[in-house]
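Some notes on the structure that comes next.
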C-alpha cells in the first residue's frame, strides 16, 4: 500500500533532472555552510594550538609595533630591534616566572636562494632552555647542539627539504665566512618551526656581531599567575614590548573578523539561493500536478494530507542535498582550507576547516529547517486546491 | 421533493450560476431530480447543456448557487447553507468514486499503487484484497506491477475505475469515461459499468456523448440549457 512518504518520493522521481539539480544546489549551499561552521571552529582551535605550541605565554620584545611583535611571535620576522641580553636577569628575578628562553632572530640576504636570491632567517636559541619549552619537537635525524656555542645547526622539516640538508652536511651562513654542521633535522610539527633553521644563540651572536643582544625572550609563568598584573610588571622594564598570548589571539581575531564577515555573507547568500531553488522546484511541481492534486482531494485527501505530501517532497530534497553537501565538505575540506587561507591576513599552521560528524548533522539540521520553511508556501498553495477548480482547469492554467 | 429512504441523492430546484462580468450564466437552472440506490443513469445532451456541472454538483465537487442537495439524507446544500469542507471530504471519500475523461494516474506508481492511492491518505482493512479483486474484475491482474506508460488507453481507464472503486463507494460518477478511447475500448468500459451495476448493485451516474454507452444505462436524462427535457 503506498504511503504518503512513498508517493512524495516517487513524485520527485518524475522530473529526475530537476530534482537532481535542486539537490546539487542545496548540496553546494550545505558545503558553504559546513565549511563556514568548520572554519569558525577550526580557526579558533588552530590558533590556540599555534599559541600553545609556542611553549610560553608571554613574549618580550624590543619596543615597537605590537602587530610586528605578534607576527614575530607566530611567524618570525625581519627588520628587528634588539634588547640587551642582561634584561633576562631582571625577568628571572620575578618569582612568578617559571622559565625563560632568549631568542635571536637574524635575517640575511642569501644570493643562492631561489633564482635571484632571497631572505633566510636563523633563530638563535639557548639549547638549555628552548627544547624544554618546545617539548613537542621531535627529531627525524640527530639531536640538539653539542655545546652552547658550537657551530652547529638544526633544520626544521621544511627547511631541510628546501635546502636539501641532512645530518653531517655543512652549511655556509650567508653574509659570513662561518660554516656550520647540521646536527639535527626535526620531524614535521605543523608549526612555524618546520621552516626554521636553529643555531645556538651564542654562536649566532658571535657570527653576526650582535653579541649580548637578543630579539625576544619567551617567558613561561607559574600557572596561578595573573597575566594582566604580570604584564604591568614587565612594562616597568625600559623599552620593551610585552606580547601576551591573549593579546596575540585578540589581534589576530580582529584581523580575520572582516574575512569572517565576508565568508558569512557568502554563506547567507548561498542559503537564500538554495531556499529560492527549493521553493521554485516544489512550486513548479505543484503547478504541474494541479489537476492530479485536485483528484487526490476528490479521493478523500484532506488539506493536511496534501500539505504533508508536498512538505515531505521538500524534506526529501533538502535532506538529500544536506547529506550530499556534508559529504562534499568533508572530501573537499583541504581545497576549502586553501581557498579560505588565500583570503585571510593570517592563517594558523594547522587545519583551518575542521569538519566532524556533529558539525555535519548541525548543518543538515539547518538546511532542513530552511527547506521546511521554503516548502510552506508551495504546500499551502497545494493544500488549498479545490477539486472542482483542478478538474476544470487545463494544464498550466491555475 | 420526496425524501424516500431509497433516494440516495435528491436535488430540488438546484441552480448553478456563473457570473462573468455582467453576464449571469445559468449552467444548471432549477433541476429537481432523485437518484435511487442501484440506478444506472446517463446524462446526455449537447455541449454546454450543463450535464457535467450537474454531475459535479451531485458528486459534491462543486457548490450549488441555489436549491437543495441531499445525499443519503444529509443536507449538503440547503438554501445557501453548505456542509463544511471536512464533512464534504469525508462524504466524497466514503460515498463517491469518480472517473474522469483524463485518467490522472501517477506515472511513477505501478498499477497496483495507483489503485491503492486513496489509502495513502486513510487506511482501510483488506485494501490489498480489494485491489486484487478489482484488478481481477477489470482484467488488470497481469498488469499490477506495470507503470501507466506501459498500458493502453483502455487499460488506463480501467485502472482509474479500479481506483474509484477501491473505497467501496455507493455511487460511481463518471464524466465522459470513454472520451479518450476508441470504440472497442469504449465498449469494454460500457460492459464493465453494466457489470458493476448489475452484479455489485453500484449506483452509476455518467455523462457521455457516446450513444452506445448512454443506451446501456437503465435511465437516460437529457439536458438542454441547464434544464431537464
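The values are calculated or read from the model by the stated rules, or taken from the named source; none is laboratory data. Everything numeric here is computed off the predicted structure, so don't read it as measured data. Please note: Cβ atoms are built from the backbone with ideal geometry, for glycine as well, and neighbour counts cover all protein chains shown.
Among helices (runs of 4 or more DSSP H) lying entirely in the stretch B:148-229, which contain 3 or more residues that are over 20 Å from residue A:296 (Cβ atoms), at pLDDT below 90 and under 17 Å from the mean Cα position of the chain (by Cα)?
Ranges flagged: B:183-200.
Of all helices (runs of 4 or more DSSP H) completely enclosed by the stretch A:282-358, which ones contain at least 3 residues that are within 14 Å of another protein chain (Cβ to nearest Cβ)?
A:290-298, A:303-331
Just need a number here: residues in the stretch B:68-96 that are over 19 Å from residue A:306 (Cα atoms) and either within 11 Å of another protein chain (Cβ to nearest Cβ) or exposed (fewer than 14 other Cβ atoms within 10 Å of the Cβ) (or both).
The number of residues fulfilling the criteria is 7.
I'm told residue B:145 meets every condition in (1) surrounded by fewer than 18 Cβ atoms within 10 Å (Cβ to Cβ); (2) within 21 Å of residue B:193 (Cα to Cα); (3) within 14 Å of another protein chain (Cβ to nearest Cβ) except one. Can you identify the failing condition by its number?
All conditions are met except number (2).
Inside the stretch B:105-120, can you point out the residues that are more than 20 Å from the chain's Cα centre (by Cα) and part of a loop (DSSP other than H, G, I, E, B)?
B:107, B:108, B:109, B:110
Just to be sure before I move on: is residue B:160 within 14 Å of chain A (Cβ to nearest Cβ), in contact (Cβ under 8 Å) with a residue 60 or more places away in the chain and either in contact with a strand residue (DSSP E or B) (Cβ under 7 Å, 6 or more places away or on another chain) or closer than 25 Å to residue B:113 by Cβ (or both) in the structure I sent?
In short, yes.
For residue B:30, all conditions in the list (1) in contact (Cβ under 8 Å) with a residue 60 or more places away in the chain; (2) assigned to a strand (DSSP E or B); (3) surrounded by fewer than 20 Cβ atoms within 10 Å (Cβ to Cβ); (4) on the phi < 0 side of the Ramachandran plot hold save one; what is the number of the exception?
Here residue B:30 clears every test but (4).
Can you tell me how many residues in the stretch A:166-177 are touching a helix residue (DSSP H, G or I) at 6+ places or on another chain (Cβ under 8 Å), under 15 Å from residue A:120 (Cα atoms) and assigned to a loop (DSSP other than H, G, I, E, B)?
2
When the stretch B:48-60 is examined, which residues are found to be more than 13 Å from residue B:12 (Cβ to Cβ) and modelled with pLDDT of 90 or more?
Selection gives B:49, B:50, B:51, B:52, B:53, B:54, B:55, B:56, B:59, B:60.
Check off (1) within 12 Å of residue B:167 (Cβ to Cβ); (2) touching a helix residue (DSSP H, G or I) at 6+ places or on another chain (Cβ under 8 Å); (3) more than 7 Å from every other protein chain (Cβ to nearest Cβ) for residue B:117 and give me the number that stays unchecked.
Of everything listed in (1) within 12 Å of residue B:167 (Cβ to Cβ); (2) touching a helix residue (DSSP H, G or I) at 6+ places or on another chain (Cβ under 8 Å); (3) more than 7 Å from every other protein chain (Cβ to nearest Cβ), residue B:117 misses just condition (3).
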